[in-house]
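Everything below concerns the one structure shown next.
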Amino acid sequence: MSLIDLRSDTVTQPTAGMREAMQRAQLGDDVYGEDPTVNRLEATLAERLGFEGALFVPTGTMSNLLGLMAHCERGDEYIVGQQAHTYKYEGGGAAVLGSIQPQPIDGEADGSLGLSKVEVAIKQDDFHFARTRLLALENTMQGKVLPLAYLAAARELTRRRGLGLHLDGARLYNAAVKLGVDAREITRHFDSVSVCLSKGLGAPVGSVLCGSAALIGKARRLRKMVGGGMRQAGLLAAAGLYALDYQVERLAEDHANAERLGAGLREFGFAVEPVQTNMVYVQVGDQAGALGAFLSVRGIRVSPAARLRLVTHLDVQAADVPRVIEAFAAFQQA
Ligand SMILES: *Cc1c(COP(=O)(O)O)cnc(C)c1O
């Protein structure tokens, strides 16, 4: 019985083609700027997303941290969602390491931050207040895709009020594939974008921060400071390049599998939120622990929670979906 791991899209194994690309990668010392594969990854993503520069880093957390610190000085603040990764799931790094104050606001049901709420949260220029410098958005946000018209409105607001605009695009390509647009249609609205290679794209390690030459220059200095300057990192960058060339379009399969999974669970009476990309949220309430144990015995791994998140990825096959639905149905009937 093969294991079906639905905890996250971070659990994927590198594909055979990806391992081969890593094996073949030309390497050098990236702290000296001499790793040709890292340089190629950075140039490729900068070009594809429409930025002057890009920086390869070990994690999305570091990429976001460097982005926030490149935009904001000590005593500045960024406006961010209560449930955003850059607020809730990064160990308070911006505050701890950057002395940057978050101004969290409640998000909307569609994953956006209401722009009238954002506008109210922007502080006046007054020495009592931190200086509001940046709006940080996330796309996809818990599997939801932010509408392009919303991004354009967020850009207009931030430009009018003199704020920077950062995107935590850990799953940028899920959003682009879902919308059927070039990723640039999303990224063109932002001053900086962080993209994870190690989520749905299936690389083992790595994220890339994109921005202006000045922002990336600043982030490069900060990356060394926080210990993110890697040496023959082309071994990892090769996996990222392979993912960008061969594992973007296939995200549509993950979305289709998630859609089928959601529909199947709904048929058995589970309360499933509308599915947009590769995440299925199911309300299981206080049954979470029992359900998790029941599924585990049947070779299905989840992270038990009342609002249970099931994530599809390249190691979940279409044929796995009925097996998961049957296991949920069996639990329901047990
Ligand atoms: C996973 C994730 C990150 C951070 O990535 P790590 O590589 O795990 O540090 C940032 N933002 C979002 C939305 C994520 O899902």
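The values are calculated or read from the model by the stated rules, or taken from the named source; none is laboratory data. The structure displayed is predicted, hence computed values, not measured ones. Don't worry about glycine lacking a Cβ; one is built from the backbone with ideal geometry, like all the others, and counts go over all protein chains shown. Surface areas here come from the heavy atoms of the whole protein model, side chains and all, with no ligands, DNA or RNA. Shrake-Rupley method; radii C 1.70, N 1.55, O 1.52, S 1.80 Å.
Results, tabulated for the structure shown:
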| item | result |
| --- | --- |
| Any hit, region 261-276, residues being surrounded by fewer than 21 Cβ atoms within 10 Å (Cβ to Cβ), free of Cβ contacts under 8 Å to residues at least 24 places away in the same chain and part of a loop (DSSP other than H, G, I, E, B) | yes |
| Failed item, numbered, when Gln101 is tested on (1) open to solvent by less than 60 Å² (accessible area, probe 1.4 Å); (2) polar (S, T, N, Q); (3) in contact with a strand residue (DSSP E or B) (Cβ under 9 Å, 6 or more places away or on another chain); (4) farther than 30 Å from Pro274 by Cβ | (1) |
| Strands (runs of 3 or more DSSP E) enclosed by region 123-210 - at least 1 residues per element that are among the acidic types (Asp, Glu), more than 18 Å from Ala54 (Cβ to Cβ) and within 14 Å of the ligand (Cβ to nearest atom) | 131-138 |
| Matching entry among Asp29, Asp35 (being within 29 Å of Arg188 (Cβ to Cβ) and not hydroxyl-bearing (Ser, Thr, Tyr)) | Asp35 |
| Boolean, Ala239 is among the small types (Gly, Ala, Ser), in the same structural domain as Thr15 (by TED's automatic domain parsing) and crowded, with 17+ Cβ neighbours inside 10 Å | yes |
| Residue check for Glu90: in a loop (DSSP other than H, G, I, E, B) and within 12 Å of the ligand (Cβ to nearest atom) | yes |
| Residue match in region 203-211 (condition: in contact (Cβ under 8 Å) with a residue 12 or more places away in the chain, among the hydroxyl-bearing types (Ser, Thr, Tyr) and under 13 Å from Val57 (Cα atoms)) | yes |
| Residue, farthest from the ligand (Cβ to nearest atom), within region 28-62, restricted to residues that are farther than 13 Å from Ala238 by Cα and assigned to a loop (DSSP other than H, G, I, E, B) | Glu34 |
| Residue among Ser198, Ser207, Ser212 that alone is open to solvent by less than 10 Å² (accessible area, probe 1.4 Å) and of a type in the set (Gly, Ala, Ser) | Ser207 |
